[in-house]
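Written out below as structure tokens is the structure these notes cover.
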Amino acid sequence: MMKKFLSFFTDIIILLLIVAAAADFSAEGASEPKLQKIRIPDMYDPTCLYLPYIADSLGYFEEEGTKAVFTGVIPAGQHVAAVVAGTNDVGAMHINRTIVGIAGGAKLKVVVAEAETTKEFPHMEYIALETSDIKDPNDLSGKRVGVTSVGGCNEYTPYEWLKKAVAIDDPRGKFEFVIVPPGNLEVALRTREVDVIGVHGHPYDIFERGGVKVVFDDYDVWANVGGAAPYYFREDFIKKNPDAVKAFVNAISRAAEWTNEHQQEARVFQAKRLNLEPKQVAVLYYVADGIIKPETVQMWADLLLKYGEIKKPVDISRVYTNEFNKNARDKAQK
Amino acid sequence: MTAKLKSLYTKSIAVVLFFVLWDSLARFGLVDTFLLPTVTSMAEAAWEMMKTGELFIHIALSLKRTGLGFLVAICVSVPLGILMGWFQKLEEYLDPLLQIFRNTSVLALFPVFILVFGLGEVSKSAIVFWGCMWPSLLNTISGVKGVDPLLIKSARSMGISVPILFQKVILPAALPEIMTGIRLSAGVAVIILVAAEMLGATRGLGYFIFYAQQKYAIPDMYAGIVTISILGVLINFLLVKLENHIAAWKRYQV
């Protein structure tokens with residue numbers, strides 16, 4: 001009896017699959033003209049506003065002549081690998097990872113800017129308990145700093161903060177880094193396993209639970225230059241689909257401009273999409289024209305070289321280009 | 001001699017073919033070398049780290065952490081398993097709890113480990129301990145429970161005391177299964193190492209792999225991964241040798 005039921009059940013499933021596949025196929029055939037798809041990863045941190053969601057919600061991708069396909073969450077450290085492997089066409093995350101990837105042989109090109117550090121919206125904050133005695137860079141020496149990984153902004157932001165205030169050649173070893181798995185930073189801080197934690201963006205939830213303060217952020221160290229997190233494509237994708245790349249760049253810069261003017265609505269868009277409360281979505285400041293500033297790339301290329309994360313200097317013209325950005329072309333013509 | 005050669009061939013051919021396949025995939029551009037480097041560039045990276053001694057520092061620390069966690073786990077799980085296998089009531093009471101523990105992911109328990117053990121060396125060994133406990137515990141229980149009752153009854157009818165019964169009958173009979181459990185635990189120990197060394201480490205093979213991945217130092221990362229595999233194979237090999245040694249002793253006894 002059971003066996004019969006099971007086989008009936010599988011028959012139904014197979015039938016459904018065939019119908020679904022056929023429906024999918026016919027739908028694809030019907031849409032004319034066919035837009036070039038761009039596969040975009042979903043946001044790994046749902047509480048941080050993601051411009052592709054906004055551009056998608058506003059219909060900017062179709063308006064510009066491309067189609068966004070969201071492919072699921074990818075951990076920050078795997079974005080470059082996912083794009084190189086061809087499972088995604090676009091990657092994001094902080095520029096230092098992209099530079100390291102390109103220096104390591106990934107054939108990528110950065111094409112459009114996203115968020116950037118402002119005084120109000122820093123890329124990274126370093127947080128201590130309110131009772132902590134850490135006030136200026138001198139107090140950092142001998143302390144334990146919890147971060148989710150070393151290298152890149154996690155590691156070099158406190159180094160440069162220390163260097164800025166204290167005249168030392170090499171800030172390495174003046175304090176201790178402790179690797180804490182993602183999601184466990186707050187526990188580590190509150191159990192006093194570490195004295196300071198480095199987090200990306202402003203952790204509203206930690207502050208809501210209280211008892212913590214910001215010791216410094218990346219704006220204190222580099223002003224606007226430090227926190228750029230632009231989008232990049234695989235080079236062969238760019239070669240094959242330059243128009244799709246242009247469309248993506250336009251859609252993102254328009255979404256950036258719109259978000260800066262409509263923060264509240266942008267929050268609602270993302271909250272609806274990911275089933276959150278709008279107040280849970282953190283909004284940053286976005287580069288309205290999408291133009292990548294050379295200094296934001298150069299600074300990280302220099303830092304990565306200085307601290308030995310990359311072995312040879314990287315020519316930053318290999319890392320980024322503004323040639324797909326209409327705003328940059330307009331500017332150049334003026 | 002030829003027999004030896006033949007056995008060497010049988011044992012190594014699959015491994016050699018695997019590495020040849022891997023290398024040619026990367027070498028002939030079938031996959032991007034950024035994602036999968038050639039075997040030679042991985043070996044080069046490993047050689048560089050051996051020359052600077054860096055690799056051995058990582059290996060030594062990792063062995064210390066896993067060794068400690070593993071040994072403590074065995075010292076707890078084997079006696080506990082014998083007790084639970086012998087006193088069936090005890091097993092009935094404890095088994096549901098143990099099943100829950102066994103099926104709880106180590107990774108998901110990170111906050112608990114931080115809370116209880118902090119971020120130091122203890123928590124890393126504690127994670128290995130946690131992962132190692134279950135295979136050897138469950139195998140020991142089933143090994144002791146599975147001893148032929150006829151053997152026990154006949155030993156008892158000869159008026160044997162309980163300690164001697166354990167020493168002469170139960171342990172030797174349960175030993176093969178206990179050893180299998182220990183080997184499984186050792187395998188788990190090496191695998192869990194990577195997870196354990198994500199917790200507040202700045203050295204060790206697990207940390208090194210994680211760090212190389214973050215830096216996109218892909219040949220280094222594979223060098224670390226293969227080193228862990230080799231360590232695991234070596235440890236298993238040693239345990240099999242030990243098992244054969246003990247099993248030989250058992251054969252003479254029976």
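The values are calculated or read from the model by the stated rules, or taken from the named source; none is laboratory data. These numbers come from a predicted model, not from an experiment. So basically every Cβ, Gly included, is an ideal-geometry build from the backbone, and we count neighbours across all protein chains shown.
Just to be sure before I move on: is residue B:106 within 14 Å of chain A (Cβ to nearest Cβ) and either under 19 Å from residue B:185 (Cα atoms) or not aliphatic (A, V, I, L, M) (or both) in the structure I sent?
Working: within 14 Å of chain A (Cβ to nearest Cβ): yes; either under 19 Å from residue B:185 (Cα atoms) or not aliphatic (A, V, I, L, M) (or both): yes.
So residue B:106 fits the description; yes.
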Determine which member of the set B:243, B:197, B:177 is without any contact (Cβ under 8 Å) to a residue 40 or more places away in the chain and either within 14 Å of chain A (Cβ to nearest Cβ) or acidic (Asp, Glu) (or both). B:177
Among (1) farther than 30 Å from residue A:241 by Cα; (2) crowded, with 23+ Cβ neighbours inside 10 Å, which single condition is residue A:163 missing? (2)
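Can you go through B:108, B:60, B:73 and tell me which one is touching a residue at least 40 places away in the same chain (Cβ under 8 Å) and either in contact with a His (Cβ under 7 Å, 6 or more places away or on another chain) or in a helix (DSSP H, G or I) (or both)?
B:73
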Please go through region B:153-170 and give me each residue that is in contact (Cβ under 8 Å) with a residue 60 or more places away in the chain and either among the basic types (Lys, Arg) or within 25 Å of residue B:238 (Cβ to Cβ) (or both), ordered by number. B:168
Can you find even one residue in region B:51-61 that is within 14 Å of chain A (Cβ to nearest Cβ) and surrounded by fewer than 17 Cβ atoms within 10 Å (Cβ to Cβ)? yes
Can you tell me which residue within region A:10-67, out of those that are β-branched (Val, Ile, Thr) and in a helix (DSSP H, G or I), is modelled with the highest pLDDT? A:54
Taking residue A:99, is it crowded, with 24+ Cβ neighbours inside 10 Å and over 12 Å from the mean Cα position of the chain (by Cα)? yes
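Name the residues in region B:203-216 that are assigned to a loop (DSSP other than H, G, I, E, B) and either more than 7 Å from chain A (Cβ to nearest Cβ) or modelled with pLDDT of 90 or more (or both), would you?
Of all residues in region B:203-216, those assigned to a loop (DSSP other than H, G, I, E, B) come to B:203-204, B:215-216.
Matches in region B:203-216: B:203, B:204.
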Take residue B:70 and decide whether it is touching a Lys or Arg at 6+ places or on another chain (Cβ under 9 Å) and crowded, with 16+ Cβ neighbours inside 10 Å. no
Need at least 1 residues that are crowded, with 22+ Cβ neighbours inside 10 Å per element, so show me which helices (runs of 4 or more DSSP H) inside region A:259-334 make the cut, counting only ones lying wholly within it. A:263-274, A:294-306
Restricting to region A:136-194, give me the number of residues that are more than 14 Å from chain B (Cβ to nearest Cβ) and among the small types (Gly, Ala, Ser). 4
Suppose we filter A:66, A:131 for residues that are hydroxyl-bearing (Ser, Thr, Tyr) and under 30 Å from residue A:258 (Cβ atoms); which single one remains? A:66
Taking region A:88-98 and keeping residues at pLDDT below 90 and more than 14 Å from every other protein chain (Cβ to nearest Cβ) leaves A:92
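Residue B:185 - would you say it is hydroxyl-bearing (Ser, Thr, Tyr), crowded, with 22+ Cβ neighbours inside 10 Å and more than 14 Å from every other protein chain (Cβ to nearest Cβ)?
Values: hydroxyl-bearing (Ser, Thr, Tyr): yes; crowded, with 22+ Cβ neighbours inside 10 Å: yes; more than 14 Å from every other protein chain (Cβ to nearest Cβ): yes.
Yes; evaluated as a whole, the condition is true for this residue.
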